[in-house]
Amino acid sequence: MLGLCFHTKKLSGRVKISGSKNAALPILAATLLTDEKCVIRNVPDLEDVRITFALLRKMGKRIKFENNTVEVKGRLRNGALPEKLVRKLRASVLVMGPVLSRLGEGSFALPGGCALGERPIDIHLKGLKAMGASYSVLRGRMLFRNQRLKGAHIKLSFPSVGATENLLMAASCASGVSLIENAAVEPEIIDLCRFLKAMGASIKSAGSSYTVSGSPVLGGADFTVMPDRIEAGTFILAAAAVGGKVRIDGAEPDHLKALIKKLKASGVKINEKANSLIIIPPKITKPINIITGPYPEFPTDLQPLWAVYMLRAAGVSRIKDKIFPARFMYVDELKRLGAAMALKNAVLVINKSILSGTNLRACDLRAASAMIIAGLMADGQTRVYELRHLFRGYENFFGKLRKLGANVSMEKVKK
Ligand code: EPZ
């Protein structure tokens, strides 16, 4: 599929945010910790979610999914993850913790890399080893055999989101108490902890530490996933970049403090309501620098969108990404629109730019949404190829943009 984007003077109206992809994926993995029925609501209908369903089915689960509610039932039978699914979805590494914690064995394909750069899992493995897991590597797979995970004191070398999630799930069914320090505290992890506690897990958090008392059996739960703060941030930045007053419904302002602070510094007015935000962009946008970092710092997933927004700022702005320093594959594509951007020592320098439409090729999920928004700012027509990246993480993105008045559509790529 390809996206057709035409210059759009302004956006206006309301958009409802879907459930969080990055909360739903670990929560779905956590259903492996019980054989009882789990009902999970507000699950976004996305490619990454459907790949996770395929993974759970392979491991013995029965899945029913309709109207954004998924019912997961059945016994965890097998801990062997098929390589093609692991290759397709980095988040499949999240089943390692639950599988080892329940079965004491499993075989997992080593993860591949992706457009954001190298995606190691050393922090995950170091934590699992501390809990007694050991593995051998054979033909690109990690083979774990006969081990009962035990509670351990684990200090992460970096507050990795995925490693924190994996180890919280592993500790929930390990024997004994685990203390996980220097862990990530993203809202999606707090949502996972809420789900685990609803299953009967005993988890206490203090700052960036979690204390987990393992229990051999967890029960089913009925749970509603939090709203997607990155999708909310994407639409907020679309309104700021294109212009026009937009209301974002279903967003949690508390999850977006770093973004809101930077937006206000650039001149955007934001009215915060209980779970809605009203965005009123300024006539003149001030250039503002950002550095991404672990929550509550500015999220790396929104830096491509911030870069596009800064193309309208009256002056020079800079972006540094401390999480994925190489997450600038989209820059060369935006330059084809006429974006005045340059990477200097892993810092992206951005100047005010006049954009004119052309053909672009998306390289990852958030770059895809950034290119589409740039296409709305550019004169004429912009075609964005490789839209498959977009479908991984945004539910009905084009429908929501059109509802805000964006002149966008999709069409099949002619062979
Ligand atoms: C999660 O990825 C998100 N994915 C990413 O969102 C997000 O960008 C990232 O966290 C950072 O916030 C999901 O939640 C499914 P990390 P994850 O482990 O868990 C290094 C999107 O667009 N690292 O916190 O893979 C790693 O290389 C996606 O929705 C190690 O060195 O991120 C990176 O530089 C993109 N060793 C940094 O830590 C490890 O064992 C952060 O990675 C693990 C990570």
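The values are calculated or read from the model by the stated rules, or taken from the named source; none is laboratory data. For clarity, every value in this text was computed on a predicted model and none was experimentally measured. Cβ coordinates were reconstructed from backbone atoms using ideal geometry, including for glycine residues, and neighbour counts include every protein chain displayed. Just the protein is used for accessible areas: all its heavy atoms, side chains included, with ligands, DNA and RNA removed. Shrake-Rupley method; radii C 1.70, N 1.55, O 1.52, S 1.80 Å.
Results, tabulated for the structure shown:
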item	result
Zone residues, the range 126-157, relative to E83, backbone N less than 16 Å from point 7 Å out along Cα-to-Cβ	137-143
For D321, distant residues with modelled amide H under 5 Å away	T292
Test item: Cα-centred dipole of the range 6-87, Lys/Arg +1 and Asp/Glu -1 on Cβ, debye	200 debye
Simple Cβ-charge dipole of the chain, Lys/Arg +1 and Asp/Glu -1, about Cα centre, in debye nearest 20	660 debye
Whole-number percent relative contact order across the chain, with pairs defined as alpha carbons under 8 Å at least 6 apart	21 percent
Sites S12 and K352 - FRET efficiency at Förster radius 25 Å, r taken between beta-carbons, to 0.05	0.55
Net length gained if the chain between E181 and S205 were fully extended (0.36 nm per residue, minus Cα distance)	7.6 nm
Net charge of Cβ neighbours under 9 Å - reference Y394; Lys, Arg +1; Asp, Glu -1	0
Neighbour cut-off at most 13 other Cβ (10 Å), DSSP loop, trypsin sites (Lys or Arg not before Pro), the range 1-59	K9
The chain: calculated mean residue ellipticity at 222 nm from DSSP helix runs of at least 4, using -39500 (n - 2.57)	-9000 deg cm²/dmol
Computed magnitude of the charge dipole of the range 289-415 (debye, nearest 20; Cβ of K, R +1, Cβ of D, E -1)	240 debye
Spatially proximal aspartates and glutamates relative to K129 (Cα-Cα < 20 Å; intrachain offsets below 8 disregarded)	E105, E165, E181
Antiparallel bridge percentage (DSSP; both residues within the range 21-224; nearest 5)	75 percent
Set of aspartates and glutamates near K264 by C-alpha distance (under 18 Å), chain-local residues within fewer than 8 positions excluded	E252, D254, E272, E297
Considering only the chain, percent of DSSP beta bridges that pair antiparallel, nearest 5	70 percent
Area accessible to solvent at Y135, 1.4 Å probe radius, in Å²	70 Å²
Alpha-carbon centroids, the range 201-249 and the range 61-76: separation in whole Å	21 Å
Pairs from K21/K58; K352/K415; K155/K273; K64/K415; K245/K322; K10/K415 whose Cα-Cα separation, in the structure shown, is over 26 Å	K352/K415; K155/K273; K64/K415; K245/K322; K10/K415
Summed side-chain charge close to K88 - residues other than K88 whose Cβ falls under 10 Å, Lys, Arg +1, Asp, Glu -1	+1
The range 241-400 - share of DSSP beta bridges that are antiparallel (%, nearest 5)	70 percent
